[in-house]
Structure formats: C-alpha cells, structure tokens
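S.K.: After the structure tokens below, expect a handful of questions from me.
The values are calculated or read from the model by the stated rules, or taken from the named source; none is laboratory data. Keep in mind it's a predicted model, so treat the numbers as computed, not measured. Here the Cβ is made from the backbone with ideal geometry for all residues, glycine too, and neighbour counts use every protein chain on show. What goes into the accessible areas is simple: the full protein's heavy atoms, side chains included, and nothing from ligands, DNA or RNA. Shrake-Rupley method; radii C 1.70, N 1.55, O 1.52, S 1.80 Å.
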Amino acid sequence: MEHNVENATTGLIGQYLSFLRTQRKLSDHTVEHYGRDLQELRSLLAPAGEEHADIDLRKTTQVHIRKCAARLHARGLNARSIARKLSAWRGFFGWLSMQMDLAANPVDGVKAPKKSKPLPKALAADDAIRLVSQPDPVRDPDSTLAACNRAMFELLYSSGLRVSELVGIDVADVREGGYESAGWVDLEEAEVTVTGKGGKKRKVPVGQAARAALADWLPLRARLRKADGGPDSHALFLNERGARISPRVAQLRLKTHGRALEMASDVHPHMLRHSFASHVLQSSGDLRAVQEMLGHASITATQVYTALDFQRLAQVYDQAHPRARKNGGK
C-alpha cells in the first residue's frame, strides 16, 4: 500500500513536469531543476527519518512550507536559492489545484529570508594607517596637493566621517550674511563638528595624526583661499582654484592614492569610515560610543561592525588555533 501511495505523489510530480515540458515548452534543463526542487519538497515535508515516505499534498499548509524554507535556510542555502525553490513549489501547487480540491496554495505569502547584506569592507589597521599616512610615491610629498590629500585622508579615518561631511567642513564656525557652517574643525579642542543625515550635527574627536596633518595643510590652504568672502572662502579643503573640494574629487583622490600605494583593492572614503568603526570597536568594545561617533540614528546600523569584529576573530582563530587547521594538522 505504501508503495502505491508513494507512486501517487511521484506520479503527480511526473505529470507536472510533463506539463512544463509539453505545455509551457520549458527546456529539459529547466524541467530537471523543477524536478529536483519538487523531490526536495517531498523530502522536507516527510516525517523525520522517512525522507522517502509519501505525504498528503492536500493537507500541506503555509506553516509546513515556512518550516521547509526555514530548514533550507538553516542548512546555509542563500536567499536567492530558497526564493527559486519557493517559486517552483508555488507553481506546482497552482497546477495541483486544478487536479484536485485544495483549500489554498500553501506557498502563497511565503517569502524567502531576507538577503543577508554583505559586510562593509574594512581595511586592516596597518593598511589603513599606511593608506592615510604614506605619501604618493609618484607625486611630490611636499606639494600643496599632497598636503591637502593627507589632511583629508587622515581626518576621514581619524573621525569616521562620510565624504559629504568631510567636504562640508569649514575652518571655523561661521554665521554671517545668511551663511551658516555645516561643519567646522577645532584643533585646540581636538574635535570636528559635522552635519550628518537628517541635518543632525555631532561632534567627533580628532586624533593626533590628523591634527598634525591639518596643521601642515592650513598655511598652504591660506594661499589658495579666495579673498571674495564667498562660502568657498571658509572651506577647510580647497582645490587648486580655491573652490571647495567636491565629494567626487575627494573620492577620486583617495582611489588614485590607494592605487599608487598598490593597495589590494580599490579604496573609497566609506571604506575608511568602516575601518574607523571596526578598529574603534575592536579596541573599546563600546558599541554605543561608536554609534554616536558615526551619527547612526539607530544602534542596529552600528551592530554590523560587531560582525566585522567577529569576522576578524574568526580569521585569527583559523590561522592560529591548531584544532582549526583545514587539513587536520597534516
């Protein structure tokens, strides 16, 4: 009897695959994928230890399908693959509803787990320091451009700023003629004030290396500053024409600098922000403080750096612990 029941479900799957091949004109390769997904569904719905046992498809509910998706997720299957399987199962039950009396399609309303967001790329501490402190091997290290770049890069890494916040900084807090500074630096207090998302201002400490780079840059900046008293005349970072540097220019300068130093990957300002957050968290373990310095409205956005921190710990463990070696100590 069991054999006949099992053949009934197998037969239904076979009929559906035949429908896909003859009526919907799907390729043999695609139909083969559908067949594997449906056989896996039968296995997931079967009682534990009885993967080849049959199930009553008419009694399959949305709860059963959710559990199947959860089991696939627990096995490490990615969201895209689970979504594809759900699509195959949904189509099968849709066809099945035309062959027998089904209360509803149990796959309707079931979604794959959200795609996990990739971890932000952060540089190792040594690489970050080399990036912001070493001069471009091709350019004159004493040039105005080099001094400006070093001050920008050091400040990005020192304070974890967004590039839009960086270029909006003035040399001082200016409020005159309808103009109001979005941000400013105070070297004596070793802090920078910036305007983040939502127009929210925050103060962030500025490290010693960044303060030194800014002290070297300011006299050179004075030579570029326009005397017309316009908004650009207050900008901390100026280009060769005396205009405020744009976010795009800052991005390109950092990318060019990283390539000149032969960094392993293309670097960008947000990578320095990620590196700042990861390195501060590794050293302090204070997630709330990192949240405040980054200007995140919710600590949820900052918690991604705990994953970065663990990722680093896992790498050290894999490389150093005798019991973690891939080849079992061979």
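S.K.: Compute the Rg/Rh shape ratio of segment 259-316: radius of gyration over Kirkwood radius, all on alpha-carbon atoms. Please list the in-between numbers first.
M.R.: Details: Rg = 12.6 Å, Rh = 12.3 Å.
Radius of gyration over Kirkwood radius for segment 259-316 works out to 1.02.
S.K.: I've got another one for you. Per residue, how much accessible area does the chain show when a 1.4 Å probe rolls over the protein heavy atoms, in square angstrom?
M.R.: 57
S.K.: Note the angle between two axes, namely the Cα long axis of helix 144-159 and the longest principal axis of the Cα atoms of the chain, as a number of degrees from 0 to 90, rounded to the nearest 10.
M.R.: 50
S.K.: Can you report the principal axis dimensions of segment 190-330 using only the alpha carbons, biggest first, rounded to whole angstrom?
M.R.: So the three principal-axis extents are 71, 36, 25 Å.
S.K.: Now a separate question. Normalise the Cα radius of gyration of segment 99-242 by 2.2 N^0.38 Å (N = residues in it) and let me know the number. List each step's numbers first, then the result.
M.R.: Working: Rg = 22.8 Å, N = 144, 2.2 N^0.38 = 14.5 Å.
So the Cα radius of gyration is 1.57 times the expected 2.2 N^0.38 Å.
S.K.: Between the alpha-carbon centers of segment 120-160 and segment 168-235, tell me the distance in whole angstrom.
M.R.: The two parts, judged by their Cα centres, are 18 Å apart.
S.K.: Taking every pair of distinct Cα atoms and averaging 1/r, then inverting, what Kirkwood hydrodynamic radius in Å comes out for segment 43-178? Could the numbers behind the result be given before it?
M.R.: Details: mean 1/r = 0.0480 Å⁻¹.
20.8 Å is the Kirkwood radius here.
S.K.: Around A297, with a cut-off of 9 angstrom between Cβ atoms, what is the net charge of the other residues, counting Lys and Arg +1 and Asp and Glu -1?
M.R.: Net charge around A297: +2.
S.K.: While we're on this one: By the gyration tensor of its Cα atoms, with a ≥ b ≥ c the square roots of the eigenvalues, what is the shape of segment 114-177: rounded for a/c under 1.5, prolate for a/b over b/c, or oblate?
M.R.: Details: a/c = 2.86, a/b = 1.15, b/c = 2.49.
The shape class here is oblate.
S.K.: Give the carbon-plus-sulfur fraction of the accessible surface of segment 171-330 in %, rounded to a whole number; probe 1.4 Å, heavy atoms of protein chains only.
M.R.: The C+S portion of the solvent-accessible surface of segment 171-330 is 50 percent.
S.K.: With each run of n ≥ 4 DSSP H residues scored as -39500 (n - 2.57), what mean residue ellipticity at 222 nm is computed for the chain after dividing by its residue count and rounding to the nearest 500 deg cm²/dmol?
M.R.: Only helices count here, giving -17000 deg cm²/dmol.
S.K.: Which entries in K121/K255; K25/K111; K121/K200; K114/K200 show an alpha-carbon gap greater than 19 Å?
M.R.: Numbers: K121/K255 15 Å; K25/K111 27 Å; K121/K200 26 Å; K114/K200 30 Å.
Beyond 19 Å between Cα atoms: K25/K111; K121/K200; K114/K200.
S.K.: OK, next. Over 20 Å intervals from 0, what percent of Cα-Cα pairs in the chain sits in each interval?
M.R.: The distribution over the chain is 24, 34, 26, 15, 1, given as percents.
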